[in-house]
C-alpha cells in the first residue's frame, strides 16, 4: 500500500472529490427537501452516481456515502434549506477557498463531533427498524446517542492511529473488543444468566434483534469496519484496501495537485489529471454547471450559471483568467467572445431579488450622507436616480451602519399604515412616514394635491382595479389607511373599482300585496307571471314596462280592484 | 434618505428595457415605485417573476446575490 496516498482513488484528496461531487450535485439539482429534512431520492441517485465508488442501490443499503458527505456539509454550514430546496451557502465558498490541509482538518473535526450523523444507520450490514436515518436516536434502541457516538469515533480512531504498518480490520476489531468492548454500547450487564439482545439493532434483512452473546463482531465489528472503510479512509487518516480488508495509517502528504482543463469550442470544460484540487474545481463549479460524465469531471459553460456567478460578485475577467491559467492551450475564440458578450449583456439589466435600497429623497447626496465605511460594509452600489442598492444584509449588520434615528422599513413584514382619510375624498400622507407600499397605493387610487395631500380619483381607481382586481385593490387601500374611510367614501371607492354593479334609482312599475297567501296564488297565474321581471321580496314584485296596467286589467276581469297607493294600515286603508 | 429592506430592485440599461421586462412578466401594475426612469422597486416575489420570465426567454440578467 506504499504511496497509496497519491493514488487517484485513495487518500484525503480522493475523498474530498466525493465531497465535492455531492456539493456539486446540490448546485446542479437544487433538490427539494422532504419533511424528514433530507433531499429527494432523485438527488441521492444523481449524487451517488458521481462518486468514485458509488453505492449499489440494488443491495438495499441506501446511499450511505452521499448521506455521510451531505451530513458533514450540513454540520459545516455549507448547505442550508432555502425555502423548500437545499442550497449552497456562502460558507461553502469560504470552505473551498482554504488550503487543502485546513479543509481536511475542518472536515475531520466535523465528522468526529457530528451530532446529526447517525453512524449506525449508515452501516450497511445493520438495520435499525423504526429509526430515522440521521435523526436522533430513539430511547428504545441500544444504538448510541450523539454524545456516545462522538466518543466512540474518537476511541476507535485512537486504536487505528496506534497501529503500525498494515493491519487487518478483523484484527483491529479483536483488539478493540478485548481492550474496550463498551466503546460504543455498554456491555457491563451482558454476563448475567439471562439472554440479552441489542435492542433495536438487527442484521440487514434479519427478523430478530441480534443477541449480545456472540454478536459483538456483527454489531460493533461492523461499525468499526464502516468507520475504517468510509470516514477514516475518505478523510485521509488511513489507506484502506477493500480487497485485503486491511488498512495502514497514512503519514504521507497528499502531494501537490497535478491536473489541467481543456476548454472545448462547444463550451465543455474537461478536467484531466491524477491529482485534482477540489478547491479549484469548486471555483469552476460556481460559474460552470457541473455535469459529470462517468468518471470524467466535466463542466458546461452556460449563460445562466455564468451570469449567476457575476451576480455573486465574480468578474468576467477573473473567470477568463482562471480558465486560461488552468488550460495549457489558449481558450477557443468563440468561448472567450461569448463569455465577454454574456458579461456585457448581463450588465444591461441588474436585479436585486432581495435588496437593501437606500432611497435618496429630494436633493440628498447619499455619498455625503453615508460614510464610505458603511457603504463598503453593506456592499452598496449606486443605481439610477442617485439611489443605492445592495444585497439585503443581516439586520444586525445593517443596524450597525444606519445613522441613528433612521427608520428601517422592513418589507418582509406588514408595514405601519401611513395614510389618513380626511373625512371626505381627501387623504393626508406625510412624505417622511410614507413607505413604498403606501406610496404605490396612493398612486393607484389618488391624485396628488400638494406635498402631503392626495384626492381619491374615480378614473385612476377604475384603471387600478382593472389591473389588480377590485378585491386586491381594496385590501391594499385598507392596509394603508390609519382608519377606515367613512361609509359613503368607502361605498364610492368600491363602486369606482367595479366591485358593485351600477345601482338604479327612479320610477318603476311594481306590484305589492300584504298577504303571503295572496302572493302565492298570484305567482301561479300565468298571465301575471308573464309580466313579472323579478321578485323583490315577500309580496313585492318588479313588473316589466306596461305590467302595472296589464295586471290591473287582468285582476279587474276577476272583479278584484287594486289600490292606487303603496302604503296601507292594517285594514288596507291609506294611512 | 430612507432605508427599504427586503425589496426587489431592477435597474435596466434604459427605460424601454425596463418597461419591456415588466411587461414580459406582467408586473407593470405591481411596481411599488419607479425611482428613476430605468429603476423599479417591486415586492421580492414579483422580482422573482421578472427573473423567471426573462430566463424563460433566454435572457439572463445579472442577479445580485
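Only the coordinates and a few stated rules stand behind these numbers; no lab work does. These figures come from a predicted structure and were not determined experimentally. Note that each Cβ is placed from the backbone with ideal geometry, even for glycine, and that neighbours are counted across all protein chains shown.
Worth a mention:
- Three-way shape label, chain A, alpha-carbon gyration tensor, a/c 1.5: prolate
- For chain A, relative contact order (Cα pairs under 8 Å, six or more residues apart, normalised by length) works out to 9 percent.
- Over the protein assembly as shown, DSSP H runs of length four or greater, each weighted -39,500 (n - 2.57), average out per residue to a 222 nm ellipticity of -11500 deg cm²/dmol.
- For the stretch A:258-334, share of DSSP beta bridges that run antiparallel, in % to the nearest 5: 90 percent
- For B:7-18, mean number of other protein chain Cβ atoms within 10 Å: 6
- Counting only other chain Cβ atoms within 10 Å of each residue's Cβ, the peptide A:357-364 averages 4.
- Which of A:167, A:441 has the fewest Cβ neighbours within 10 Å, and the rest in rising order: A:167, A:441
- Projected label distance in nm at residue A:453 and residue A:564, using a 7 Å step from Cα toward the beta-carbon: 5.5 nm
- Three-way shape call for the stretch A:429-575 based on the alpha-carbon gyration tensor, with the a/c threshold at 1.5: prolate
- In chain A, the longest principal axis of the Cα atoms and the axis of helix A:547-556 are about 60 degrees apart.
- Take each residue in B:30-40, count the other chain C-beta atoms within 10 Å of its C-beta, and the mean is 5.
- Cα-based helix-to-principal-axis angle, A:100-113 vs chain A, degrees rounded to 10: 80 degrees
- Relative to the dominant Cα principal axis of chain A, helix A:436-445 is inclined by about 30°.
- Residues A:531, A:496, ranked from the fewest to the most other C-beta atoms within 10 Å, line up as A:531, A:496.
- Here the stretch A:420-496 was treated as a single set of alpha-carbon atoms; its pair distances binned every 10 Å from 0 give 20, 61, 19, 0 percent.
- Measuring r between the beta carbons of residue A:405 and residue A:182 and using R0 = 60 Å, the FRET efficiency lands at 0.45.
- Hydrodynamic estimate: the Kirkwood radius of the stretch A:507-575 over Cα pairs, inserted into Stokes-Einstein at 25 °C and 0.890 mPa s, corresponds to D of 197 µm²/s.
- Using C-alpha pairs under 8 Å with a sequence gap of at least 6, the mean separation divided by the residue count of the stretch A:420-496 gives a relative contact order of 35 percent.
- The protein assembly as shown: antiparallel DSSP beta bridges as a percent of all, rounded to 5: 90 percent
- Shown for chain B is the translational diffusion coefficient from the Stokes-Einstein equation, using the Kirkwood radius over Cα pairs, a temperature of 25 °C and a viscosity of 0.890 mPa s: 207 µm²/s.
- Theoretical gain in end-to-end length, residue A:374 to residue A:85 [0.36 nm per residue, Cα-Cα removed]: 100.8 nm
- Taking a point 7 Å from the Cα of residue A:428 along the Cα-to-Cβ direction, the residues of the stretch A:478-516 with backbone N closer than 14 Å to it are A:482-483.
- Cα gyration tensor category, rounded, prolate or oblate, for the stretch A:258-334 with a/c compared to 1.5: rounded
- Between residue A:315 and residue A:463, residue separation times 0.36 nm minus the direct Cα-Cα distance comes to 48.9 nm.
- Relative contact order of the stretch A:65-219: 20 percent, from C-alpha pairs under 8 Å at least 6 residues apart in sequence.
- FRET efficiency estimate (nearest 0.05) - Cβ-Cβ, residue A:94 to residue A:166, R0 41 angstrom: 0.60
- Computed label-point distance, nm, for sites residue A:525 and residue A:296 using a 7 Å Cα→Cβ extension: 9.5 nm
- When each of A:201, A:210 is scored by the number of other beta-carbon atoms lying within 10 Å, the sequence from fewest to most is A:210, A:201.
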